[in-house]
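Structure record follows, encoded as C-alpha cells.
The values are calculated or read from the model by the stated rules, or taken from the named source; none is laboratory data. Worth saying up front: this structure is predicted, and the values here are computed from it rather than measured. FYI the Cβ positions are ideal-geometry reconstructions off the backbone, even for glycines, and counts take in every protein chain you see.
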Amino acid sequence: MTIDPETTVYVDEEITCLDCGTLFVFSAGEQEFYEQRGFKDKPKRCKDCRAKRKIDRENGVEPKRTRYEFVCPGCGKPASVPFQPRSGKPVYCRECFKKQQKEAQ
Ligand SMILES: [Zn+2]
Ligand SMILES: [Zn+2]
C-alpha cells in the first residue's frame with residue numbers, strides 16, 4: 001500500500017482522561033471521524049467517562065463548572081459565580097444583586 005503524501009495519516013494517540021486519569025487510545029479511525037465531523041478538539045475523556053457524562057446530561061445533571069469565589073461587597077458573605085468576575089466591576093451575591101435591581105427601578 002502506498003501512502004499519498006496529500007492524505008493525512010492518522011496514528012493512534014494515547015490521551016490521559018481528564019476525569020479518571022486513565023490512559024486511553026484515540027485511535028486513527030476515531031481521529032478520522034473527528035476530522036470529518038469538523039471537530040477541532042481531541043477527546044479529553046475516556047469512553048467510560050464520556051458515556052457517564054452523556055447519561056448525566058440526559059438526566060439533567062449539570063457538568064461541573066468552575067465557580068469563582070468572592071466576598072459580596074454588599075453583605076460581606078462569601079459567594080460564588082459561574083463566570084470570572086471582571087476586575088473593577090463589583091460582583092454581588094444573588095440576594096444583593098436582586099436588591100440592587102429592585103432599588104434601581
Ligand atoms: Zn475516564
Ligand atoms: Zn450580598
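Do you know which of the residues in the stretch 36-53 that are surrounded by 10 or more Cβ atoms within 10 Å (Cβ to Cβ) and not in a loop (DSSP other than H, G, I, E, B) is nearest to ligand 1 (Cβ to nearest atom)? It comes out as C49. Just the residues that are over 30 Å from L18 (Cβ atoms) and aromatic (F, W, Y), please, taken from the stretch 57-105. Of everything in the stretch 57-105, those that are over 30 Å from L18 (Cβ atoms) and aromatic (F, W, Y) turn out to be Y92, F97. Checked against (1) within 16 Å of ligand 2 (Cβ to nearest atom); (2) surrounded by 12 or more Cβ atoms within 10 Å (Cβ to Cβ); (3) at pLDDT below 95, D56 passes all but condition (1).
Annotation note: Cβ proximity below 8 Å between a residue of the stretch 93-105 that is more than 14 Å from K77 (Cβ to Cβ) and a residue that is modelled with pLDDT of 85 or more and exposed (fewer than 10 other Cβ atoms within 10 Å of the Cβ) (sequence gap 6+ or interchain) occurs for no pair.
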